[in-house]
Amino acid sequence: MIDDQNPKKCFEYETYHEGENKILKIYLEKCPFPPSLEYSEICMAKTVDLLLQNSGITIILLSQFREYEYDYPQVKYLIDLALLYKRLNKEERTTYTKIITNPEHERYIRTSFAQFQSLLTKSLKEDPFAAYVQLKRLERREKTLLDNIIDNRHKLSQQLFIQIIEQTLKSIEQLPLITLLLPHTKEYTLADRTIYNNIFHPTTRPDFMYTKLVTDYPEGNLQESYQFTSSPSDNESSQVNIFSFDDNIKIMYHLTPPEFTFEEELYELLDDAKRIMAEHKPAKEEFVDPERMRDVFLSIGKDLLNDLISHRNLDIPEEKVNQLAQALLRYTVGFGLIELLLADPRVQDVNINSPNGQLPIFIVHQDYGDCYTNIYPTHLEVESWATKLRLISGRPFDEANPILDTELKVTGFSSRVAAITAPLNPSGLAFSFRRHRDYPWTFPLYLQPKVKMFNPLAAGLLSFLIDNNAAILIAGTRSSGKSSLLGSFLVEIMRKTRIITIEDTFELPQESLRTLGYNLEALKVASALSSPGSEVDASIGIRSTLRLGDSAIFVGEVRSKEAVALFEAMRVGAAANVVAGTIHADSPYGVYDRVVNDIGVPKTSFKAIDIIVIANPVISGLKKYKRILRITEIRKEWDDDPLKENAFVDLMVYNPKTDQLELTDDFINGNSDILKRMAGRIKEFAGDWDAVWDNIQLRANIKQAIVDKFTQTNDPSLLEADFIIKSNDIFHLISDKIKEQTGKLDSQAILFEYNDWLNKEVKKKEMK
């Protein structure tokens, strides 16, 4: 082993085991040639020598400011080359030397044989393909000479020499390295090492980070290229390239972080700064407030970098220092490249599978679905993530508690994190990060053409139901968009209403809503998957909301026995405020089966639900699209089985042919007990189905008007919560004013005044 305190000499090396791998790490900081098997003949030759000295190598690491890792398939090409080199230059050399030392032959082939020996002893390990090409040329030349030789002794010598060349070429041609390179010879010129790019693709990482990154682009079809910044204050962009393939259904998400464009002197700064920062590890209590801890470490890192810059008499702009400090933060107390992936607004999920280091990170992209990335997290880094999440959450995560549910909030994004470890996952640690939008989803965001989760009429219906205090469950499978849809329901509630949210892991956009002026209290309860601890049981948390005054109640997810308390809250709050939550199920009866048969909620309590919204992905070719498939009301007049007794009445149902939610006959004909019950509490709607329908259509038209303005102006802020909340306020104020003036809710008058306001607001925004 090498003493890390002493500087490494050029090509000094060490071998060590990591899991099932035996790693050959070669230090090239003091070397004048690049750390690359493909670009440097010296590097390739010396690596072949080390492979002959060290058996069983499965991974090669070349270290020179960054680490370049060659995995076993690439290493195997060099091992095969090394073994052939050894055989040709040692084991079979005696046969060749008998020829050259034999006076009968030496006088005729001395010059050609010297070239042959040079190709085998030097060129073969430096540039094996060039050696092969030169041997082929030597073979052709010697065969041409043979045809012109008259002297029989000279001819015999020449024939023996050609046989040796042919045998050698046959051995070299059997090398997998040469076999794979032969199809790429069309544009090849002698000593052009770019041909090795077809074989060698090292993953790369600077010394300051543990994650491995494949920097080379794949041979595929570039679908899209775009950039994003990790935070509003960050001036450095990450580059994303999306690739598809003609012979593979997989999609690759290729990320180039901003720090991979730094100059070498900046890499050295980061390396040194990280070594110094590593001496101060955050205490457990510092993780109680992760945002403050990050602010402190960012400031410390910036001061440290400025000290190093001053000490080395470097001239580095302040903007670049800030970028260095952000990178340093990510790779010390942060989560490395995970943070960049989650900062991409088009990434929805990030998944890390075990065994760690052998598999890439996988993501779910909003436009391309499931993708694999060019990022390979190491075991060391994955272990550090587990430790940080344990400290941030304050929840146990070990063999006794192999499941962890928590949230991760960083400037630029927030996400829900699920982690598992042994014994549940025997092969190591695994994580799933689900990214949340910085601001809540809104109905107009769902209506825009590129999303189309539902249509304007569905938006109008849901808006009417929320305004009239329905008890709603959003059901769907995993990754169906339930939580985001529930968050958009919050935006539809008037800001004068008090809201209480209950979650085991914060996913609803409570901080954003508070910033936008909502009266919101967020409660956190124990996870259904965690062991008993100091956190409050979910059912107790839900019951406590009934003692906190008149409030709308939103439950992040109904999983277990807390459902009993939720339905109690629904029954108590049925005529007062909205009660809503999410649950895993794929149909209205699936909700009933889960709630009553699996969880144990009494049938009579199940009747507290007014509306079930089914949200699930639909498949078109290789892509998935999130859609609302059904809006169903639950009637109360049934005793034993709601399905057999026709308690489930669909108001809208998804038609896959038109890709639209369509009205049912029951809805068109006003055959809705829930809507009639709501109308009965409102003077303007009581006994007048046409007035109810008219109001739902009015709300639909208003939502569509916003989307139309977005289409005209291409101003995305029109779809965001800030503007939508203001729009909802104006809608209610205009409605109230028209009612005061005319004695009724005149939809045409309301829509006219609303459109006038909308046009003026858009003009104001355009003038700013």
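The values are calculated or read from the model by the stated rules, or taken from the named source; none is laboratory data. Here the structure is a predicted model, which means the values were calculated and not measured. Cβ coordinates were reconstructed from backbone atoms using ideal geometry, including for glycine residues, and neighbour counts include every protein chain displayed. Accessible surface is based on the protein model in full, side chains and every heavy atom, while ligands, DNA and RNA are left aside. Shrake-Rupley method; radii C 1.70, N 1.55, O 1.52, S 1.80 Å.
Tabulated data for the structure shown
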read-out: With DNA, RNA and ligands ignored, accessible area of Trp689 (1.4 Å probe; Å², nearest 10); value: 50
read-out: Cys10/Thr144 FRET efficiency (R0 56 Å; Cβ-Cβ; nearest 0.05); value: 0.80
read-out: Sequence of Asp688, Asp640 from largest to smallest accessible area, 1.4 Å probe; value: Asp640, Asp688
read-out: Residue-span extension gain [Lys90 to Lys170] - 0.36 nm each, minus C-alpha spacing; value: 27.0 nm
read-out: Along each principal axis, Cα extent of region 685-768, largest first, Å; value: 45, 22, 18
read-out: Rounded, prolate or oblate (a/c below 1.5 giving rounded, otherwise prolate when a/b exceeds b/c) for the chain by Cα gyration tensor; value: prolate
read-out: Leading residue at positive end of dipole, the chain (Cβ point charges), from Gln741, Val48, Ile619; value: Val48
read-out: Spatial separation of Cα centroids for region 210-232 and region 358-424, in angstrom; value: 20
read-out: Longest exposed-site-free window of the chain, the sites being GluC sites (Glu not before Pro) in a DSSP loop that have at most 13 other C-beta atoms within 10 Å; value: 400-636
read-out: Shape box of region 109-152 [Cα atoms, principal axes, largest first, Å]; value: 38, 18, 10
read-out: For Ser463, net neighbour charge (Lys/Arg +1, Asp/Glu -1) across residues whose Cβ lies under 9 Å away; value: 0
read-out: Derived scalar couplings ³J(HN,Hα) [region 730-747; Karplus, 6.51 cos²θ - 1.76 cosθ + 1.60; whole Hz; x for Gly, Pro]; value: 5, 4, 5, 5, 5, 4, 5, 5, 5, 5, 5, 6, 10, x, 8, 8, 7, 4
read-out: Derived scalar couplings ³J(HN,Hα) [region 243-255; Karplus, 6.51 cos²θ - 1.76 cosθ + 1.60; whole Hz; x for Gly, Pro]; value: 10, 10, 9, 6, 10, 8, 7, 6, 10, 9, 9, 9, 9
read-out: Tilt relative to the chain, helix 103-118 - C-alpha long axis, 0 to 90 degrees, to 10; value: 20
read-out: Tensor-based shape of region 623-768 (alpha-carbon gyration tensor, a/c under 1.5 rounded, otherwise prolate or oblate); value: oblate
read-out: Glu12 long-range amide H proximity, modeled H, under 5 Å; value: Tyr27
read-out: From phi via Karplus (6.51, -1.76, 1.60), per-residue ³J(HN,Hα) for region 37-44 in Hz, x at Gly/Pro; value: 5, 7, 9, 10, 5, 5, 4, 5
read-out: Calculated FRET value between Glu383 and Arg478, using beta carbons and R₀ = 41 Å, to 0.05; value: 0.95
read-out: Distance histogram for region 370-472 (every C-alpha pair counted, 5 angstrom bins, percent rounded to whole numbers); value: 2, 10, 14, 15, 14, 10, 10, 10, 9, 5, 0
read-out: Local electrostatic count at Phe454 - Lys and Arg +1, Asp and Glu -1, tallied over other residues with Cβ under 12 Å; value: +3
read-out: Region 245-375 shape via C-alpha gyration tensor axes, a/c threshold 1.5; value: prolate
read-out: Partnerless Cys - the chain, beta-carbon criterion under 4.7 Å; value: Cys43, Cys371
read-out: Linear extension gain, Asn714 paired with Thr121, 0.36 nm per residue minus alpha-carbon span; value: 206.8 nm
read-out: Long-range HN-HN contacts of Ile57 with modeled amide H, under 5 Å; value: none
